[in-house]
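J.: I am attaching a structure below and will ask some questions about it afterwards.
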Amino acid sequence: MSQLPFPDGVFDLVTAVETHYFWPDLAADMREVFRVLKPGGGFVLIAEAYKGAKTAAAQLIEKYLPLAGMALLSVDDHRELFTTAGYSDVRIIEEPGKGWICGIGRKPPKDSASEV
């Protein structure tokens, strides 16, 4: 994930479902997704387990995932991940009883005033 084989600004939408647990450098990889998005493009990250989810499965994953060198993110961690990488209109939607989370962010549109 750390170096996607695509030029800057080619995708309208990027999705990641149940994968970010395995990204080698999550913060840098979020910026890499940002790089390949077109201005105004969206990124959707979905996971079935996150830190603080109330399901038995999520609690087991939270307990044992560190053994694999990975960690679950909290709702606030997800929000910070998006905002720190430069995404705007960030929304984090969670369903604690079902254990899933969805993060949505946009690459800000180009500022037409700065174009000459």
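J.: When only Cα pairs under 8 Å and 6 or more residues apart are kept, what is the percent relative contact order across the stretch 1-83?
T.: Numbers: 101 pairs, mean separation 25.1, N = 83.
It comes to 30 percent, rounded to a whole number.
J.: Enumerate the lysines that residue 51 could reach by cross-link, defined here as Cα to Cα under 25 Å, with residues fewer than 8 away along the same chain left out.
T.: Correct list for residue 51: 63, 98.
J.: May I ask you to evaluate 6.51 cos²θ - 1.76 cosθ + 1.60, the Karplus curve with θ = phi - 60°, for each residue of the stretch 8-22 and list the ³J(HN,Hα) values in order in whole Hz, giving x for glycine and proline?
T.: 4, x, 9, 10, 7, 8, 10, 10, 9, 10, 6, 10, 5, 4, 9
J.: A follow-up question, please. Report the FRET efficiency, 1/(1 + (r/R0)^6), for residue 48 and residue 110, where r is their Cβ-Cβ distance and R0 is 25 Å, rounded to 0.05. Kindly include the intermediate steps, with their values, before the conclusion.
T.: On the way: r = 35 Å, r/R0 = 1.39.
Working from the Cβ atoms, E equals 0.10.
J.: Still on this structure: Across the chain, where is the longest run that never hits GluC sites (Glu not before Pro) in a DSSP loop with at most 13 other C-beta atoms within 10 Å? Display every interim value, and only then the final one.
T.: On the way: sites that count: 18, 115.
Result, exposed sites excluded: 19-114.
J.: Just the accessible area per residue of the chain, please: how many Å² with a 1.4 Å probe?
T.: On the way: 6850 Å² over 116 residues.
Computed with neighbouring chains in place, this is 59 Å² per residue.
J.: A follow-up question, please. Between residue 77 and residue 12, what is the spin-label point distance in nm, taking each point 7 Å from the Cα along the Cα→C-beta axis?
T.: Between residue 77 and residue 12, the label points sit 3.4 nm apart.
J.: So, one more: Grab the Cα-Cα distance for residue 98 and residue 38, subtract it from 0.36 nm times how many residues apart they are, and report the gain in nm with one decimal.
T.: Numbers: separation 60, 0.36 × 60 = 21.60 nm, distance 3.27 nm.
Length difference between fully extended and current span is 18.3 nm.
J.: Ignoring everything but the protein chains, give the 1.4 Å probe accessible area of residue 89 in square angstrom, nearest 10.
T.: 110
J.: Here is a follow-up. Among (1) 35, 33, 27; (2) 55, 26, 19; (3) 50, 21, 17, which is the computed Cα extents along the principal axes in Å?
T.: (2)
J.: Taking a ≥ b ≥ c as the square roots of the eigenvalues of the Cα gyration tensor of the stretch 1-50, is the shape rounded (a/c under 1.5), prolate (a/b larger than b/c) or oblate? Can you show the working numbers first?
T.: Numbers: a/c = 2.48, a/b = 1.44, b/c = 1.72.
Taking the square roots of the gyration eigenvalues as a ≥ b ≥ c, the stretch 1-50 is oblate.
J.: Which percent of the accessible area of the chain is formed by carbon and sulfur heavy atoms (probe 1.4 angstrom)? Walk me through the numbers before you get to the answer.
T.: Numbers: 3870 of 6850 Å².
Whole-percent figure for carbon plus sulfur exposure: 56.
J.: Counting only the backbone N, which residues of the stretch 19-34 are under 13 Å from the spot 7 Å out from the Cα of residue 84 toward its beta-carbon?
T.: What the label zone holds, given the 13 Å backbone N cut-off, is 25-31.
J.: Check residue 38: other-chain or 5+ apart residues with amide H under 5 Å from its amide H, H built from backbone geometry?
T.: Sorted by chain and number, the residues that satisfy this are 10, 11, 12.
J.: Give the percent of DSSP beta bridges with both residues in the chain that are antiparallel, rounded to the nearest 5. Walk me through the numbers on the way to the answer.
T.: On the way: 12 of 18 bridges.
Counting DSSP beta bridges with both partners in the chain, the antiparallel share is about 65 percent.
J.: OK, next. Would you list 107, 63, 51 from the most to the least accessible area, probe 1.4 Å? Walk me through the intermediate numbers first.
T.: On the way: 107 35, 63 130, 51 100 Å².
Final ranking, largest accessible area leading: 63, 51, 107.
The values are calculated or read from the model by the stated rules, or taken from the named source; none is laboratory data. Quantities reported herein were computed from a predicted structural model and do not represent experimental measurements. Note: ideal-geometry Cβ built from the backbone for every residue, glycine included; neighbour counts use all protein chains shown. Only protein heavy atoms, including side chains, enter the accessible area calculation; ligands, DNA and RNA are left aside. Shrake-Rupley method; radii C 1.70, N 1.55, O 1.52, S 1.80 Å.
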